[in-house]
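*Asks:* Just dropping this structure here.
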Amino acid sequence: MHVVAANGQNVALVTQTLMANASSVLSRPEALTLPRFLDLCSLCEAAVLLDRMEALGASNEYVSGLSSQLAREGLYRTFVPTLPRDELRRMALRLPDELAMRVAEGSGDDPSAASETGAVAGLDYAAGLNNLLAQVDGLGSFASAGEAVVKERMYRGNGYLVVAAAHGLDYFPDFDRVPFVAGTLQKTYRSLPRQLYDRIAESLQEPLTGGDVVAEWTAMSTIPIPPIAALVLSRASGLDDIPEQVLRVRDEFSGFRRYFADFKAELQAADTIRERRKLLARYRTLLEEASGPGREAVSVTEMLNLTEKAVAVAAAPAVPTSYGALLVTQPIDWISRWWRRRPLAILFRLDSKMPKLSEYQQLAARLWGPGPAARLHDHAAAHGVAVQRLLSEVETTIQ
């Protein structure tokens with residue numbers, strides 16, 4: 001029996017940078033760079049994994065054969081918030097400090113802050129995830145115009161994260177924002193009061209301490225997926241044929257999409273950590289089988305649930321209570337429901353592409369030409385290892 005997700009949909013908020021990057025490499029072959037190529041791969045994956053994508057701002061802002069065809073098929077549209085802007089702003093004031101300090105508003109996107117490798121200019125990715133965030137946080141202390149753009153752009157990505165969570169949507173960020181989203185979520189969960197995690201453990205009726213719950217529920221999980229981008233690119237006769245091949249691969253993997261939606265719904269309904277572990281193991285097997293040979297991976301990590309009514313009450317400007325302090329005071333059944341109903345952030349895995357880099361280079365050479373394709377290897381070598389190391393800091397393998 002098909003399980004209906006808590007929000008009734010298998011829908012994610014995507015960034016306009018992702019759409020812009022994917023669109024530009026189809027309309028301008030000479031624009032091929034690592035982040036744009038990987039965002040095209042990510043968009044292909046989102047189109048197959050999800051029932052629909054939504055973007056802040058006009059969904060026709062970045063029009064290409066791919067985005068316009070997805071829109072015509074009802075798979076991509078403009079995101080229309082159901083919460084008033086003032087309510088979202090007040091909610092942001094009551095977020096945990098580690099998240100609130102890294103949120104910026106904005107309905108548009110400027111992908112120019114990233115270099116051709118996907119690394120944000122001026123940041124040292126080899127120094128670790130916490131250090132990477134600290135570098136961005138420190139830009140405001142001595143911000144030049146360029147540094148301010150970098151900081152605002154990374155913080156705006158977290159703003160989209162909050163908007164998605166407040167509306168119960170998954171979040172599918174563009175590639176170069178992935179480490180910052182993962183790092184912010186990790187620091188946010190670790191900053192919540194230990195007393196809250198003790199209450200969560202109590203609500204789950206598990207013989208765990210708060211620290212055990214932090215480790216079990218905040219880590220990133222790797223999910224197998226079909227080799228979607230490779231299939232699309234290998235079957236396309238040219239760049240203008242890619243949109244049609246995305247739709248064909250989507251039809252081919254309708255069963256996988258159903259399993260993926262069911263997995264998310266059952267994950268939110270799991271009452272105990274033991275049940276959650278069994279669920280993850282069972283769906284990993286199902287998703288591996290449905291992915292077929294040559295499978296790749298995405299990461300999923302859970303966001304804070306901002307949709308429960310008591311969380312909205314905390315946004316009232318007259319109430320000085322912090323987000324964490326408010327949650328600690330809630331009844332046990334409320335805490336259990338709040339904890340389980342967290343939406344997902346789906347994060348692109350460069351390391352699942354790296355072993356197949358020669359295959360992707362060959363596909364890119366056939367479709368974009370040998371010159372643009374040759375740059376991908378150099379860009380991946382310059383940035384891929386650092387990103388893989390950063391994500392491993394917050395990753396756990398499904399057992």
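*Asks:* Counting just the residues of region 114-129 that are within 15 Å of Asn21 (Cβ to Cβ) and surrounded by fewer than 19 Cβ atoms within 10 Å (Cβ to Cβ), which one comes out modelled with the lowest pLDDT?
*Replies:* Ser115
One line per residue, one yes/no per condition, for (1) in contact with a Phe, Trp or Tyr (Cβ under 9 Å, 6 or more places away or on another chain); (2) of a type in the set (D, E, K, R):
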{"residue": "Pro243", "(1), (2)": "no, no"}
{"residue": "Arg248", "(1), (2)": "no, yes"}
{"residue": "Asp251", "(1), (2)": "no, yes"}
{"residue": "Phe263", "(1), (2)": "yes, no"}
{"residue": "Ala270", "(1), (2)": "no, no"}
{"residue": "Arg274", "(1), (2)": "no, yes"}
{"residue": "Arg277", "(1), (2)": "no, yes"}
{"residue": "Leu287", "(1), (2)": "yes, no"}
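*Asks:* Now, a different point. For residues in region 247-293 being touching a helix residue (DSSP H, G or I) at 6+ places or on another chain (Cβ under 7 Å) and not in a helix (DSSP H, G or I), which is least open to solvent (accessible area, probe 1.4 Å)?
*Replies:* Per the criteria, the residue is Ala270.
*Asks:* Looking at region 203-223, is at least one residue at pLDDT 80 or above and within 17 Å of the chain's Cα centre (by Cα)?
*Replies:* Yes, because at least one residue in region 203-223 is at pLDDT 80 or above and within 17 Å of the chain's Cα centre (by Cα).
*Asks:* Could you please tell me which pairs satisfy a Cβ distance under 6 Å, a separation of 6+ or placement on different chains, a first residue in region 280-303 that is within 17 Å of Ala230 (Cα to Cα), and a second residue that is β-branched (Val, Ile, Thr) and buried (at least 16 other Cβ atoms within 10 Å of the Cβ)?
*Replies:* Listed by first residue and then by second, the contacts come to Ser291/Ile225; Glu296/Ile225; Ala297/Thr222; Val298/Ile223; Val298/Ile225; Val298/Ile346.
*Asks:* Can you tell me which residue within region 337-383, out of those that are surrounded by fewer than 19 Cβ atoms within 10 Å (Cβ to Cβ) and outside any helix (DSSP H, G or I), is modelled with the highest pLDDT?
*Replies:* The residue in question is Gly369.
*Asks:* Given the conditions (1) open to solvent by 40 Å² or more (accessible area, probe 1.4 Å); (2) more than 27 Å from Leu169 (Cβ to Cβ); (3) modelled with pLDDT of 70 or more, report the number of the one that Gln399 does not fulfil.
*Replies:* Against the list (1) open to solvent by 40 Å² or more (accessible area, probe 1.4 Å); (2) more than 27 Å from Leu169 (Cβ to Cβ); (3) modelled with pLDDT of 70 or more, Gln399 comes up short only on (3).
The values are calculated or read from the model by the stated rules, or taken from the named source; none is laboratory data. Everything numeric here is computed off the predicted structure, so don't read it as measured data. Neighbour counts are summed over all protein chains in view; Cβ atoms, including those assigned to glycine, are modelled from backbone coordinates with ideal geometry. What goes into the accessible areas is simple: the full protein's heavy atoms, side chains included, and nothing from ligands, DNA or RNA. Shrake-Rupley method; radii C 1.70, N 1.55, O 1.52, S 1.80 Å.
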